[in-house]
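S.K.: The structure is given below, and queries will be raised subsequently.
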Amino acid sequence: MINIKKTVSMAGFVLVILSMLFLINNLVRNLNSLSSFRVSARSILSLIIVIAIYTIIVIILSFVWLILIRGGGVYLGIKQAFVLVGQSQIGKYLPGNIFQYVGRVALGHQQGIPIEAIIFSTSVETFLMALTGAVIGGGVFFFNHQSIPVTLKNQSVKIFLIVFFVSIVVVLTLFVITKSLSVVRRWISSCLPYIHVGRMTAAVILYGIIFSLFGLSLSLLLNLLWGVNKLHWYQLTWGFALAWTIGFITPGAPGGLGIRETVLSYLYSQELGAGLAIGLSLTLRVTTIVGDLAAFGLAHYLERKL
């Protein structure tokens, strides 16, 4: 009998490998179009600023979780929430996109937080962030065609994105089939205390701010590293939101690795050139990894002060 769970995981792994191969192939083919940037005080400052912005993003993520977990009667301080999120965030780079949450459960349990409260609040958290990203990214197609990059007018790119979405939908559908309806009903019932209109609205607004900060980071990198001002921050915001959402929901893609960069390079290669688009997406990846390490270090330091 076919193990659907393993099939889903393998499908996600294959998507990651194919995406990485695509990036490497295109980067090699377009090295000449990749505008080089010199190591200078300005370029170093831009990287530091983006890393600092990402650390602020982790703090905002901690605050969102702090708000949502109150549905289970658990009241955390922002410092305690940041310690748990900042330390567990590093787990997302392991295959599966789930280990950051496993780490949060383990660390939270050590501090006396009920496991059920962590699991159910985190379930609502991940759903709301994915929904916010999908709405910001997908909404542009319906309401603001002026912000859509020229690349998307290319029929082959449209086909690529459609196939990409369909592949992910199929993978997720197979995953859902592995769960019985009774389990789903019990899960939804357990999450109901955490579904509060006010708290969810606040979470969605904060997630919108987070995606905007990513758009701002991309804009700063383009401007300060490469001296390019072709795209506004909000044009980069919706593209990142779309790329992040696709990478997040792809099983087996650690931190959306490869998937996010592939989508971003497709979206902006026409305006920026394939080399620069890939270079930008990879630079953002490096800065976010360093940002996660910085947040981990800060969280570890604060834990000693608790």
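S.K.: Between Ile48 and Leu192, what's the calculated FRET efficiency when r is the beta-carbon distance and R0 is 45 Å? Round to 0.05. Don't jump to the answer; show the numbers that get you there.
M.R.: On the way: r = 43 Å, r/R0 = 0.97.
Taking R0 as 45 Å, the efficiency between Ile48 and Leu192 is 0.55.
S.K.: Stretch Ala41-His109 to full length: gain in nm at 0.36 nm per residue minus the Cα-Cα span?
M.R.: Details: separation 68, 0.36 × 68 = 24.48 nm, distance 4.39 nm.
20.1 nm is the gain from fully extending Ala41 to His109.
S.K.: Note down the magnitude of the dipole of the range 217-306 about its Cα centre, charges +1 on Lys and Arg C-beta and -1 on Asp and Glu C-beta and zero elsewhere, to the nearest 20 debye.
M.R.: Computed charge dipole of the range 217-306: roughly 140 debye.
S.K.: Taking Lys79 as the anchor, which aspartates and glutamates have their alpha carbon closer than 14 Å to its alpha carbon, excluding any fewer than eight residues away along the same chain?
M.R.: Filter leaves Glu303.
S.K.: Through the Karplus equation 6.51 cos²θ - 1.76 cosθ + 1.60, θ set to phi - 60°, convert the phi angles of the range 119-129 into ³J(HN,Hα) values in whole Hz; use x for Gly and Pro.
M.R.: Working through the residues one at a time gives 5, 6, 5, 5, 4, 5, 4, 5, 5, 5, 5 Hz.
S.K.: A further question on this structure: With +1 assigned to the C-beta of every Lys and Arg and -1 to the C-beta of every Asp and Glu, and no other charges, what is the dipole magnitude of the range 260-306 about the Cα centre in debye, to the nearest 20? Walk me through the intermediate numbers first.
M.R.: Numbers: 4 positive and 4 negative charges, 41 e Å.
Computed charge dipole of the range 260-306: roughly 200 debye.
S.K.: Residue farthest toward the positive end of the dipole of the range 193-306, with Cβ of Lys/Arg at +1 and Asp/Glu at -1: which of Val204, Val263, Leu302?
M.R.: Toward the positive end, the furthest listed residue is Leu302.
Read-outs: derived from the displayed coordinates by stated rules, not from any lab. In this text, all values refer to a predicted model and were calculated from it rather than measured experimentally. All Cβ positions, glycine included, derive from the backbone under ideal geometry; neighbour counts span all protein chains shown.
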